[in-house]
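The values are calculated or read from the model by the stated rules, or taken from the named source; none is laboratory data. Just so you know, these numbers come straight off a predicted model, no measurement behind them. Cβ sites come from the backbone with ideal geometry, for glycine too, and all protein chains shown count toward neighbours.
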Amino acid sequence: MDTDSIRYGLSAVYLLDGSSGDTIWKKSFSAWFQASPVIADIDDDGTYEIIIGTDHVSGPADRRKLFVLNGENGSVDFEINLGSGIYHSAAVGNINGDNCPDFVVSCNNFKATGQAGHGGRSGKKWSATALLDVESANL
């Protein structure tokens, strides 16, 4: 996936060959995307995953969900029903200090949901999602 790029549309995520522009794979959804996908190796297996969330008003099957796709073939590694639309891209970083990537996504239901290992966390939030190393920033 080094020379490839991700493109997203109203109902699908595509992996395109970065040299030719040819479609490598396409994953269709019955929902709209409002935020850009995020590419990260969140399970530290050497393969990138694509993290993308859906809105709250489109197709009933896939709406209000966060999807993690396998970067090699577009299959759904897992999905989380957040009960609300996702309008900002996920932020990825090592939140809990275990040297494995974690991610956080904010929703329009005033909650931020994170994935750390096998569990999730949520709390009040209403803004674009970002991670910051507070100690390094001297805050």
Pairs returned, first residue in region 44-55 that is under 14 Å from residue 28 (Cα atoms), second residue that is among the acidic types (Asp, Glu), beta-carbon separation under 6 angstrom, 6 or more apart or interchain, are 54/62
Return only the number of the condition from (1) more than 17 Å from residue 34 (Cβ to Cβ); (2) at pLDDT below 80 that residue 106 does not satisfy.
-> (1)
Conditions (1) at pLDDT below 90; (2) surrounded by 19 or more Cβ atoms within 10 Å (Cβ to Cβ); (3) of a type in the set (Lys, Arg); number of the one not met by residue 27 = (1)
Could you say whether any residue in region 39-52 is surrounded by fewer than 21 Cβ atoms within 10 Å (Cβ to Cβ), at pLDDT 80 or above and not in a loop (DSSP other than H, G, I, E, B)?
-> yes
Return a yes/no flag: does region 85-98 have any residue that is at pLDDT below 60, more than 16 Å from residue 13 (Cα to Cα), of a type outside the set (Phe, Trp, Tyr) and surrounded by 13 or more Cβ atoms within 10 Å (Cβ to Cβ).
-> no
